[in-house]
Amino acid sequence: MPETQQKTTHFGFKTVAEDEKQGMVYNVFEKVAEQYDLMNDVMTGGMHRIWKDALIDWAAPPKHAGNYKHLDVAGGTADIAFRMLEKAGKNAHSTVCDINEHMLKVGEKRALAKPYKDRIEFTCGNAETLSFEDNHFDIYTIAFGIRNVTRMDVALKEAYRVLKPGGRFLCLEVSKMQIAAVEKLYDKISLNLVPKIGEMIVGDGTPYKYLVESTRRFPDQEIFAQMIKDAGFSHVDYRNYLGGVSAIHSGYKIG
């Protein structure tokens with residue numbers, strides 16, 4: 001009887017066994033947890049802050065709705081959750097779900113100083129196998145996290161499952177630049193410079209090398225939009241930022 005061929009996926013530019021990626025990604029974020037937001041400043045020139053604000057603006061959380069439930073996946077440091085709670089009404093509640101407890105500890109520590117600390121909770125979990133019940137959340141967000149998931153199609157279906165009918169999916173992620181010449185220059189700078197800066201920050205450039213490489217393996221805007229549709233979402237749309245360096249994707253669970 002022939003042996004079953006092992007499924008593979010990518011880890012940056014490397015091809016690895018599918019069941020190995022999760023542990024490898026975990027190790028990356030364990031190393032950079034304390035400097036994660038600084039890392040995003042390095043990788044985006046601080047633009048991630050503007051893009052995260054844009055995600056919340058597009059989400060347009062209600063000011064007066066009761067019991068508004070927000071789930072932020074792969075959001076350990078709670079950057080998105082904090083923004084959501086600052087923008088939403090006093091009845092809004094955010095759940096931060098991350099597979100890495102080191103990232104969650106950073107978010108929990110930051111939350112202690114926030115006036116809405118009683119309206120945010122942190123839970124360790126996998127985007128592909130969420131522990132939440134069906135039709136539970138009003139909105140699901142994920143920022144710079146879905147590219148680290150082993151099976152993005154499974155994670156998207158899980159997002160659809162846990163959203164209420166009428167609920168919304170929003171994803172901020174790196175994307176395909178629209179100007180080829182600028183893309184080549186951006187690649188040259190980021191692939192060489194960011195790992196070196198990472199080495200200065202955390203003493204190890206390897207995590208940064210993976211994170212830069214992972215941005216190059218992420219599907220372009222149209223392909224990812226189709227993946228969102230394939231997961232069941234309707235009214236799928238996206239907005240490019242900085243010529244496609246990043247994009248925010250949106251979709252609704254109808255029915």
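Some observations on this one:
- Spin-label model, ALA180/LYS157: points 7 Å from Cα along the beta carbon direction are separated by 3.7 nm.
- Shown for SER234, SER250, SER175, SER94: other C-beta atoms within 10 Å of each C-beta, ranked fewest to most, produce the order SER234, SER250, SER175, SER94.
- For the range 222-228, Karplus couplings with θ = phi - 60° (6.51, -1.76, 1.60), whole Hz, Gly/Pro x: 5, 5, 5, 4, 5, 4, 5
- A straight chain from HIS10 to LYS63 at 0.36 nm per residue would run longer than the Cα-Cα distance by 15.0 nm.
- Annotation for the range 68-121 versus the range 192-213: alpha-carbon center distance of 27 Å.
- Counting only residues at least eight positions apart within a chain, or on another chain, the aspartates and glutamates with an alpha carbon under 18 Å from that of LYS109 are GLU30, GLU34, ASP37, ASP72, ASP79, GLU86, ASP98, GLU101, ASP118, GLU121.
- Residue list for the range 40-60, given a label point 7 angstrom along the Cα-to-Cβ vector of MET200 and an amide N cut-off under 16 Å: 40-46
- Contact order, relative form, for the range 74-156: 33 percent (alpha carbon pairs under 8 Å, 6 or more residues apart, mean separation divided by residue count).
- Contact order relative to length of the chain, as percent, for alpha carbon pairs under 8 angstrom and 6 or more apart: 19 percent
- Exposure proxy shown here: for LYS229, LYS184, the number of other Cβ atoms within 10 Å sets the order, fewest to most, as LYS184, LYS229.
- Only helices enter the 222 nm calculation for the chain: every DSSP H run of n ≥ 4 contributes -39,500 (n - 2.57), and dividing by all residues gives -14000 deg cm²/dmol, rounded to 500.
- Once both labels are positioned 7 Å from their Cα atoms along Cα-to-Cβ, the gap between LYS164 and THR123 label points is 1.6 nm.
- The charge dipole of the range 78-221, taken about the Cα centre with unit charges on the Cβ atoms of Lys, Arg (+1) and Asp, Glu (-1), comes to about 360 debye, rounded to the nearest 20.
- In Hz, Karplus ³J(HN,Hα) per residue of the range 49-58 (6.51, -1.76, 1.60; θ = phi - 60°; x = Gly, Pro): 5, 5, 5, 5, 4, 5, 4, 5, 4, 5
- Over 24 Å (Cα to Cα) - which of LYS31/LYS69; LYS87/LYS117; LYS7/LYS105 fall in this group: LYS31/LYS69; LYS7/LYS105
- Within the chain: Cβ-based charge dipole about Cα centre, in debye rounded to nearest 20 (Lys, Arg +1; Asp, Glu -1): 600 debye
- Label-point gap, in nm, between HIS136 and ASN27 - each point 7 angstrom along Cα→Cβ: 3.1 nm
- Environment charge of VAL16, counting only residues whose C-beta is closer than 15 Å and scoring Lys/Arg +1, Asp/Glu -1: +3
- Panel order for ARG239, ARG119, by other beta carbons found within 10 Å of each beta carbon, from fewest to most: ARG239, ARG119.
None of the figures in this text is laboratory data; all of them are computed from the coordinates on show. None of the values given here were measured: they were computed from a predicted structure. For neighbour counting, all protein chains shown are included, and Cβ atoms are generated from backbone atoms with ideal geometry for every residue, glycine included.
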